[in-house]
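Everything below concerns the one structure shown next.
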Amino acid sequence: MHALTLLVPAPAVDAVCDRLCDELDALSASIEDAAAGTDSEEPVFDEPGCFVDSTSVWRRARVSALFADEAAATAAAAALAATPGDTALRIESIDALGDEDWVRVTQAQFGPCAITPGFWIVPTWSDVPPEARQVIRLDPGRAFGTGTHPTTRMCLRWIASHGRADGAAWPRVLDYGCGSGVLAIAARRFGARHVDAVDIDPAAIEATHANALANDVEIDAGAPEDAVGPYQLVVANILAAPLKLLAPVLSALLDTGGKLVLSGVLARQADELRAAYAPWLDLDVAALDDGWILLVGTRPGAPRMA
């Protein structure tokens, strides 16, 4: 296995990563601040690859792509270097990397993650901690959501603390922007009778199906247009900009008396989100974690019983 390392201007990162994985046979691609470890390092509170419209965005990113062999890595480097207009992109290195070393490094980065004292997200290569009473088995993959990001942790904690084993709280739940499906799986684990999970990314739908099967829960995963309300709980862990645009859509999918749980929002963006959803419901900050907030609201009216 070989790693191709590139220096890429921040605005071009998503396009370069898409090209590496979709056209140039990269097995995976990771992103970090090119200035990491220097005085110029800029922390960005966001998902890797999802650059927000902010002055705190990295100016350049270091992209590392894994390839099956040196020939594939070299061919990808040549193709990127020959792309017209990409003069700011720079090939940094092509390095050999043993398969076993990569697996060991990956597994060391993703171990068991405690959501609450008794609720854990545990990768398949790890033993279940003895204190875990409720477990979701989940390995890192192409779709976002392993339980380690603050936005996901807050959603999982909320679900764990508000669910009921008899399913009376949530006859129907929607995970909008499901990624790996971890929130949908958690909703089923904590008493939801029926869960729909939707995403615009086919890889996320595929990952949700696979992870639901691995955790022995039933989830209906599909495209956003497959979501048909009313739902007693709608969870959306995306980012502030799409959440604002989705305000009428998500509000319309909620049952009267239903709960809306939003994450992927920075603390400074709370007022923007409140204003966007004000025509339908009031949002309150229910949790704060590392600069991110969890917003929760209830659609006015008495809930319908299933």
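Rule-based calculations on the coordinates, nothing more; no lab input. Because the structure is predicted, anything quoted here is derived from the model rather than measured. Quick reminder, even Gly has a Cβ in these numbers, built from the backbone with ideal geometry, and neighbours come from all protein chains shown.
Highest mean first, how do 261-268, 116-123, 232-239 rank when packing is the count of other Cβ atoms within 10 Å averaged over residues?
Per-residue Cβ counts within 10 Å, averaged per peptide and sorted highest first, yield 232-239, 261-268, 116-123.
Add +1 for every Lys or Arg and -1 for every Asp or Glu among the other residues with Cβ under 12 Å from the Cβ of ALA114, and state the total.
Summing Lys and Arg as +1 and Asp and Glu as -1 gives +2.
If you take every residue apart from ALA165 with its C-beta less than 15 Å away from the C-beta of ALA165, what net charge results, scoring Lys and Arg +1 and Asp and Glu -1?
+4
Please give me the summed charge of the neighbours of ASP226: other residues whose Cβ is under 9 Å from its Cβ, Lys and Arg +1, Asp and Glu -1.
Cβ neighbours under 9 Å give a net charge of -3.
If you count the DSSP beta bridges with both ends in the stretch 113-298, what percent of them are antiparallel, to the nearest 5?
Counting DSSP beta bridges with both partners in the stretch 113-298, the antiparallel share is about 40 percent.
How do the peptides 18-25, 193-200 rank, highest first, by the average count of neighbouring beta carbon atoms within 10 Å per residue?
Going from most to least packed, we get 193-200, 18-25.
Just check the stretch 214-306 against the gyration tensor rule for me: Cα atoms, a ≥ b ≥ c as the square roots of the eigenvalues, rounded for a/c under 1.5, and otherwise prolate or oblate depending on whether a/b exceeds b/c.
Oblate is the answer for the stretch 214-306, as a/c is 1.5 or above yet b/c matches or exceeds a/b.
May I ask you to order 291-300, 72-81 by the average number of other C-beta atoms within 10 Å around their residues, highest value first?
291-300, 72-81
Principal axis lengths of the stretch 226-271 from Cα atoms, whole Å, largest first?
Principal-axis extents of the stretch 226-271 (Cα, largest first): 30, 20, 15 Å.
Out of the GluC sites (Glu not before Pro) in the stretch 202-306, which ones are loop residues according to DSSP with at most 14 other C-beta atoms within 10 Å?
Listed in order of number, the matching sites are GLU218.
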